[in-house]
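Peer 1: Quick one: the structure is below, questions incoming.
The values are calculated or read from the model by the stated rules, or taken from the named source; none is laboratory data. Keep in mind that what you see is a predicted model, and the values were worked out from it rather than measured. Cβ atoms come from the backbone with ideal geometry, glycine included; neighbour counts cover every protein chain shown.
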Amino acid sequence: MNRVSIQAADFDPAAELAALEACGGGGVASFTGIVRGEGGLVALELEHYPAMTTAQVERIVQEAADRWPLLGIRVIHRFGRLEPGERIVFVGTASRHRTAALEACAFLIDWLKSQAPFWKKEHFADRTAWVEARAEDDARAESWKR
Amino acid sequence: MPQLNLVYFAWVREAIGRDEERVERPAPDVTIRAFIARLAEQGGGYCQAFAEPDRLRAALDQRFVPLDSPIGEARELAIFPPVTGG
């Protein structure tokens, strides 16, 4: 059971985890990304490339499925305007054993950061700024290359 | 003549002032880098958006490719800054 959703709406992590638990494995790992309200941030605006996003994220999910013995993968990535404290992204993996679930979960979020066509714009009270890609994130994504 | 759909995202879109346009597709061996240098000659927002090609990334027909890739027979070229999702 691998499923990708690119959506504006919020999601329910508990329901997503329950679905992964029902895959029959011995372990479920997950990551939920949340908008940080640092530096007076009012909102984060996520833009994406609708014609490409779902297919590209599905390719990333397929890469994880090829590399680890997983029973289920769930990826949800939101777009649009999000306020501090709101959920942005969910990655969940189910496997028979913990190592595959944990490693695949880390791989998926690292690759989503550097390989999925999303762009974040920060809105402050008096200005806006596009978030710059971080070399550290690229390095983490690169470390999974083989 | 075959057409090429150009799509722009993030600050590239904002600098150019539009998210999409159709242009005549260049010869297949023209690289993305050479093509955006031509677009930059139109001045204004194009010049601003494409001033530093090394800050740009591209996709041909919804697949990430290096800027030195030839455009070939692609139908869509997307130009954008490095992605910042997740």
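Peer 1: Check the range A:44-53 and report whether any residue there is part of a helix (DSSP H, G or I), under 13 Å from the mean Cα position of the chain (by Cα) and either surrounded by 16 or more Cβ atoms within 10 Å (Cβ to Cβ) or among the small types (Gly, Ala, Ser) (or both). So that I can check it myself, show each step before the final result.
Peer 2: Within the range A:44-53, the subset part of a helix (DSSP H, G or I) is A:50-53.
Right, trim to under 13 Å from the mean Cα position of the chain (by Cα) and you get A:53.
Next, from what is left, pick out any that are either surrounded by 16 or more Cβ atoms within 10 Å (Cβ to Cβ) or among the small types (Gly, Ala, Ser) (or both): A:53.
There is at least one residue in the range A:44-53 that is part of a helix (DSSP H, G or I), under 13 Å from the mean Cα position of the chain (by Cα) and either surrounded by 16 or more Cβ atoms within 10 Å (Cβ to Cβ) or among the small types (Gly, Ala, Ser) (or both).
Peer 1: Still on this structure, please answer the following. Which residues, taken from the range B:1-34, are of a type in the set (A, V, I, L, M) and either touching a helix residue (DSSP H, G or I) at 6+ places or on another chain (Cβ under 7 Å) or part of a strand (DSSP E or B) (or both)? It would help to see each step written out before you state the result.
Peer 2: To start, the set of residues in the range B:1-34 that are of a type in the set (A, V, I, L, M) comprises B:1, B:4, B:6-7, B:10, B:12, B:15-16, B:23, B:27, B:30, B:32, B:34.
Selection gives B:Leu4, B:Leu6, B:Val7, B:Val12, B:Ala15, B:Ile16, B:Val23.
Peer 1: Let me ask something else. Of all residues in the range B:1-24 being of a type in the set (Phe, Trp, Tyr) and within 11 Å of the chain's Cα centre (by Cα), which is farthest from the other protein chains (Cβ to nearest Cβ)?
Peer 2: The qualifying residue farthest from the other protein chains (Cβ to nearest Cβ) is B:Tyr8.
Peer 1: Here are the criteria: (1) surrounded by fewer than 18 Cβ atoms within 10 Å (Cβ to Cβ); (2) touching a Leu at 6+ places or on another chain (Cβ under 7 Å). Tell me which single one A:Glu63 does not satisfy.
Peer 2: Only one criterion is unmet by A:Glu63, namely (2).
Peer 1: Further question: Mind checking which residues of the range A:25-43 are of a type in the set (A, V, I, L, M), within 16 Å of the chain's Cα centre (by Cα) and not in a strand (DSSP E or B)? Lay out the reasoning, then the answer.
Peer 2: Taking the range A:25-43 and keeping what is of a type in the set (A, V, I, L, M), we get A:28-29, A:34-35, A:41-43.
When the remaining residues are screened for being within 16 Å of the chain's Cα centre (by Cα), the result is A:28-29, A:34-35.
Listed by number, the list holds a single entry, A:Val35.
Peer 1: So, one more: What pairs can you find where one residue is in the range A:83-96 and without any contact (Cβ under 8 Å) to a residue 12 or more places away in the chain and on the phi > 0 side of the Ramachandran plot, the other is charged (D, E, K, R) and part of a strand (DSSP E or B), and their Cβ atoms are less than 6 Å apart, with a gap of 6+ or different chains?
Peer 2: Between residues of the range A:83-96 that are without any contact (Cβ under 8 Å) to a residue 12 or more places away in the chain and on the phi > 0 side of the Ramachandran plot and residues that are charged (D, E, K, R) and part of a strand (DSSP E or B), there is no close pair.
Peer 1: Among A:Ala43, A:Ala94, which is closer than 16 Å to B:Gly86 by Cα, more than 14 Å from chain B (Cβ to nearest Cβ) and of a type outside the set (Ser, Thr, Tyr)? Let's see the steps before the verdict.
Peer 2: Numbers: A:Ala94 fails: closer than 16 Å to B:Gly86 by Cα.
Selected residue: A:Ala43, the only one of A:Ala43, A:Ala94 that is closer than 16 Å to B:Gly86 by Cα, more than 14 Å from chain B (Cβ to nearest Cβ) and of a type outside the set (Ser, Thr, Tyr).
Peer 1: Could you tell me which numbered condition B:Gln42 fails, if it satisfies all but one of (1) of a type outside the set (D, E, K, R); (2) at pLDDT 95 or above; (3) part of a loop (DSSP other than H, G, I, E, B); (4) out of contact with any strand residue (DSSP E or B) (no Cβ under 9 Å at 6 or more places or on another chain)?
Peer 2: Status for B:Gln42: all satisfied but (2).
Peer 1: Quickly run through the range A:97-139 and pick out the residues that are of a type in the set (Asp, Glu), surrounded by 13 or more Cβ atoms within 10 Å (Cβ to Cβ) and within 14 Å of chain B (Cβ to nearest Cβ). First the steps, then the outcome.
Peer 2: Applying the first criterion (of a type in the set (Asp, Glu)) to the range A:97-139 yields A:103, A:110, A:122, A:126, A:132, A:136-138.
So of that shortlist, the ones also surrounded by 13 or more Cβ atoms within 10 Å (Cβ to Cβ) come out as A:103, A:110, A:122, A:137-138.
A:Asp110, A:Glu122, A:Asp137, A:Asp138, listed by residue number.
Peer 1: Follow-up question, since we're still on this one. Looking only at the range A:1-24, count how many residues are hydrophobic (A, V, I, L, M, F, W, C), closer than 22 Å to A:Arg96 by Cβ and assigned to a helix (DSSP H, G or I).
Peer 2: Here is the first cut: in the range A:1-24, the ones hydrophobic (A, V, I, L, M, F, W, C) are A:1, A:4, A:6, A:8-9, A:11, A:14-15, A:17-20, A:22-23.
Those still in the list that are closer than 22 Å to A:Arg96 by Cβ too: A:1, A:17-20, A:22-23.
Add one more test, that the residue is assigned to a helix (DSSP H, G or I), and what stays is A:17-20.
Residues that pass the stated criteria total 4.
Peer 1: I've got another one for you. Looking only at the range B:48-58, decide whether some residue is among the basic types (Lys, Arg), part of a strand (DSSP E or B) and surrounded by 15 or more Cβ atoms within 10 Å (Cβ to Cβ). Before the answer, list the steps.
Peer 2: Taking the range B:48-58 as the starting set, the residues that turn out to be among the basic types (Lys, Arg) are B:55, B:57.
Restricting the remaining residues to those that are part of a strand (DSSP E or B) gives B:57.
Applying the additional criterion that residues be surrounded by 15 or more Cβ atoms within 10 Å (Cβ to Cβ) yields B:57.
Yes, because at least one residue in the range B:48-58 is among the basic types (Lys, Arg), part of a strand (DSSP E or B) and surrounded by 15 or more Cβ atoms within 10 Å (Cβ to Cβ).
Peer 1: Right, here's the next one. Among the residues of the range B:35-58, how many are closer than 15 Å to B:Asn5 by Cα and out of contact with any helix residue (DSSP H, G or I) (no Cβ under 6 Å at 6 or more places or on another chain)? Full working, then the answer.
Peer 2: Filtering the range B:35-58 for residues closer than 15 Å to B:Asn5 by Cα gives B:35-36, B:39, B:58.
If we keep only those that are out of contact with any helix residue (DSSP H, G or I) (no Cβ under 6 Å at 6 or more places or on another chain) as well, we get B:35-36.
So the count comes out to 2.
Peer 1: If B:Tyr46 satisfies all but one of (1) of a type in the set (Phe, Trp, Tyr); (2) more than 14 Å from chain A (Cβ to nearest Cβ); (3) within 30 Å of A:Ile109 (Cα to Cα), what's the number of the condition it fails?
Peer 2: Against the list (1) of a type in the set (Phe, Trp, Tyr); (2) more than 14 Å from chain A (Cβ to nearest Cβ); (3) within 30 Å of A:Ile109 (Cα to Cα), B:Tyr46 comes up short only on (3).
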